[in-house]
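Following: one structure in structure tokens, then a few remarks.
The values are calculated or read from the model by the stated rules, or taken from the named source; none is laboratory data. Because the structure is a prediction, the values reported are computed rather than measured. Backbone-built Cβ (ideal geometry, glycine too); neighbour counts: all protein chains shown. Ligands, DNA and RNA are excluded from the accessible area calculation, which covers all protein heavy atoms including side chains. Shrake-Rupley method; radii C 1.70, N 1.55, O 1.52, S 1.80 Å.
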Amino acid sequence: MNIEIIPVTVFQQNCSLIWDDEKNAAIIDPGGETEKLIQRVEALDLNLKVILLTHAHLDHVGAAMQLKDYFNVDIWGPQEEDQFLFESLPEQAERFGLPYIEAFLPDRWLYEGDVINIGDIQFDILHLPGHTPGHIGFIEQEKKASFTGDVLFQGGIGRTDFPRGNYEQLISSIREKLFKLSDDMIIIAGHGPYTTIGREKADNPFLK
Ligand SMILES: [Zn+2]
């Protein structure tokens, strides 16, 4: 699995472009800056197969519909409990001071235990509620890289003060699910530098 992280929006959200050796690709959490993302996909000559979303906050989904239309691909994820957030995208735009966006829904919800394939790349889906109720993570066991949005950061955890955020659920998602992954699992978070499960178990001040 090849990975390129492309920070987008004023929130410097880590949009991730991933692809296998045959150039089968997916884009995870395209939060905005559609033109920049299209240019990278085309410069790398990738065959974009699907758009994947960890949760429905605007800075993670803002470019999804434009990319779907441009590349004629489906949008998969998150879990359906984030439906209310997709429906409130116009209000999120106002609240976060981001460009206006129409409400939309993904083509497919993803659930805990689902396994999806993009060419040679396989992701296990974990449901990681707390930051949002339908938040999911994409776990790649072989190369040990996980895309987990706004759940766990290097030295931090996701905010729970947004609509239907839940602190206890967030801590439980981290302790009962992410911390069951191997210590050398790389966590590519929605914002900031990447980290590993082992490092966060040892050092994260919110999880002592
Ligand atoms: Zn978020």
Among (1) small (Gly, Ala, Ser); (2) touching a residue at least 12 places away in the same chain (Cβ under 8 Å); (3) surrounded by fewer than 21 Cβ atoms within 10 Å (Cβ to Cβ); (4) farther than 28 Å from Ile171 by Cα, where does Ala63 come up short?
(3)
Does Thr160 satisfy the condition of being farther than 19 Å from His127 by Cα and not basic (Lys, Arg)?
no
Check Thr34 against each of (1) within 16 Å of the ligand (Cβ to nearest atom); (2) touching a helix residue (DSSP H, G or I) at 6+ places or on another chain (Cβ under 6 Å) and name the one condition it does not meet.
(1)
Take the residues in the range 67-77 that are farther than 15 Å from Cys15 by Cα and touching a helix residue (DSSP H, G or I) at 6+ places or on another chain (Cβ under 8 Å); name whichever of them is surrounded by the most Cβ atoms within 10 Å (Cβ to Cβ).
Phe71
Within the range 160-177, restricting attention to residues that are touching a Leu at 6+ places or on another chain (Cβ under 6 Å) and within 20 Å of Ile139 (Cβ to Cβ), which residue is nearest to the ligand (Cβ to nearest atom)?
Ser173
Boolean, Gln66 is touching a Ser or Thr at 6+ places or on another chain (Cβ under 6 Å) and away from the ligand (no atom under 16 Å from the Cβ)
yes
Criterion first (over 20 Å from Tyr111 (Cβ atoms) and either among the basic types (Lys, Arg) or within 13 Å of the ligand (Cβ to nearest atom) (or both)) does Ile157 satisfy it?
yes
Right, Ala25: small (Gly, Ala, Ser) and within 25 Å of Gly165 (Cα to Cα) or not?
no
When you check Glu80 against the structure, is it surrounded by fewer than 19 Cβ atoms within 10 Å (Cβ to Cβ) and away from the ligand (no atom under 16 Å from the Cβ), yes or no?
yes
Kindly provide the set of residues from the range 37-78 that are among the basic types (Lys, Arg) and under 18 Å from Asp20 (Cα atoms), ordered by number.
Arg40, Lys49
Scan the range 38-63 for residues that are among the hydrophobic types (A, V, I, L, M, F, W, C), within 17 Å of Phe96 (Cα to Cα) and out of contact with any Ser or Thr (no Cβ under 6 Å at 6 or more places or on another chain) and report the count.
3
Being of a type outside the set (A, V, I, L, M), more than 11 Å from the ligand (Cβ to nearest atom) and in a loop (DSSP other than H, G, I, E, B) is the filter here, so list the residues in the range 47-63 that pass it.
Gly62
Can you spot a residue in the range 33-49 that is under 24 Å from Asp124 (Cβ atoms), open to solvent by less than 10 Å² (accessible area, probe 1.4 Å), in contact (Cβ under 8 Å) with a residue 24 or more places away in the chain and of a type outside the set (S, T, N, Q)?
no
